[in-house]
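Read the figures in this text as sums done on the coordinates, not as results from a lab. Everything quoted here is computed from the prediction, not taken from an experiment. FYI the Cβ positions are ideal-geometry reconstructions off the backbone, even for glycines, and counts take in every protein chain you see.
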Amino acid sequence: MVPCKEDPYCLDKENIAHLFFNCSSASLLWRIIYITFGLSRPNSVNHLFGSWLRGLTKSHKNLVYTGIAALCWAIWRSRNDTVFQKTKNQTSLQILFSATYLTRAWAILHKEDREAIAAACRMLEMVAMDFYATNGWMFSNRLGL
């Protein structure tokens with residue numbers, strides 16, 4: 001295990017649970033997901049794929065897992081860019097927008113639910129923008145660089 005690369009102030013050892021659930025960047029993303037959809041942060045990978053979505057129908061679980069897979073992929077890509085390409089750390093908002101972009105691209109696999117996925121992505125982006133604006137992020141700031 002190596003020290004966390006996502007947050008230079010984080011002294012925790014980097015592992016799967018830390019990267020996807022406990023790192024400050026991931027924690028903020030899960031907080032925004034909770035505010036938007038009422039889905040609490042999973043405790044572990046086992047919890048994520050085990051009892052985390054208990055009570056949802058199979059079709060709803062499939063939709064949620066599409067978005068969560070995109071979120072994990074966006075986190076992973078951001079981490080790899082930081083570690084291997086020596087790029088600047090992405091903000092949580094940049095990672096979230098990357099995840100919603102991927103989710104929309106993967107929505108083609110859900111023929112009857114494409115509009116619901118697009119609406120969920122828009123809602124998540126709006127809540128995230130509102131969350132950042134409420135906590136001091138200026139809309140004149142750019143998401144890209």
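Within straight-line reach of K111, meaning a Cα separation under 16 Å, sit the following lysines at least 8 residues removed in sequence or on another chain: K58, K61. Here T134 and V83 are evaluated by their C-beta separation; at R0 = 22 Å the FRET efficiency comes out at 0.10. The sum of -39500 (n - 2.57) across all DSSP H runs of n ≥ 4, divided by the residue count of the chain, sets its helix-only mean residue ellipticity at 222 nm to -19000 deg cm²/dmol.
In this structure, S51 and W76 have a Cβ-Cβ separation that, at R0 = 25 Å, corresponds to a calculated FRET efficiency of about 0.60.
Across every pair of different alpha-carbon atoms, what Kirkwood hydrodynamic radius in Å does the range 12-134 reach? Write down the numbers at each step before the final one.
Details: mean 1/r = 0.0671 Å⁻¹.
Radius from the Kirkwood sum: 14.9 Å.
Between L109 and K58, the modelled labels are 1.7 nm apart [label points 7 Å from Cα along Cα→Cβ]. Taking label positions 7 Å along the Cα-Cβ direction at both K13 and I35, the computed distance is 3.3 nm, reported to one decimal. Taking a straight Cα-Cα cut-off under 19 Å and skipping sequence neighbours fewer than 8 places away in the same chain, the aspartates and glutamates within cross-link reach of K13 are D81.
Report the relative contact order of the chain, percent, no decimals, based on alpha-carbon pairs under 8 angstrom and at least 6 residues apart.
Values: 126 pairs, mean separation 30.2, N = 145.
Dividing the mean separation by the residue count of the chain yields 21 percent.
Treating r as the C-beta distance of A119 and S27 and R0 as 22 Å, the FRET efficiency rounds to 0.30.
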